[in-house]
Amino acid sequence: MSVEEMMRKNITKMNNNQLIADFMGLPTEVFKSGRVNYYFREFNSGTWYEEHELSYNVSWDWLMPVINKIRSMDSTYEVEEVGKYDWENEISHYEFDLELTYESVVEFIKEYNKDEL
């Protein structure tokens, strides 16, 4: 993979992570650096993260609350349509591929946002 392809892939991941953060309603603030920061709640506290630090694509701890939100939504969407998982059953962190699950979540949110316009 060329450097240009790697950079493009990283930008896409960052944009997708921002899409998920917005879907989750994470509070944002523009810090002095001019960068948007997102407040992610972890355990009993939380931390501000810059856009490039959002970790939905690399952490089940970040991605599971998104999956739970999708599963709890009263919508016309079926998550199964965008993924090849049975999301109605209990999800074990060890049974699913994080990257494929992440991609399914991103596709779901894109479709959801299209219909919300």
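The values are calculated or read from the model by the stated rules, or taken from the named source; none is laboratory data. In this text, all values refer to a predicted model and were calculated from it rather than measured experimentally. Ideal geometry is used to build each Cβ from the backbone, glycine not excepted, and the neighbour counts take in all protein chains shown.
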Single unsatisfied condition, Leu54 versus (1) at pLDDT 80 or above; (2) loosely packed, with under 15 Cβ neighbours inside 10 Å; (3) under 15 Å from Leu26 (Cβ atoms): (2)
The stretch 30-47 residues that are surrounded by fewer than 11 Cβ atoms within 10 Å (Cβ to Cβ), paired with ones that are assigned to a strand (DSSP E or B) (beta carbon under 6 Å, 6 or more apart): Val30/Val36; Phe31/Asn37
Residues in the stretch 82-102: is at least one of a type outside the set (S, T, N, Q) and modelled with pLDDT of 90 or more? yes
Return the residues of the stretch 1-36 that are within 21 Å of Phe108 (Cβ to Cβ) and either in a loop (DSSP other than H, G, I, E, B) or of a type in the set (Asp, Glu) (or both); say none if nothing qualifies. Asp22, Gly25, Leu26
Residue satisfying condition, being among the aromatic types (Phe, Trp, Tyr) and assigned to a loop (DSSP other than H, G, I, E, B), within set Tyr39, Tyr56: Tyr56
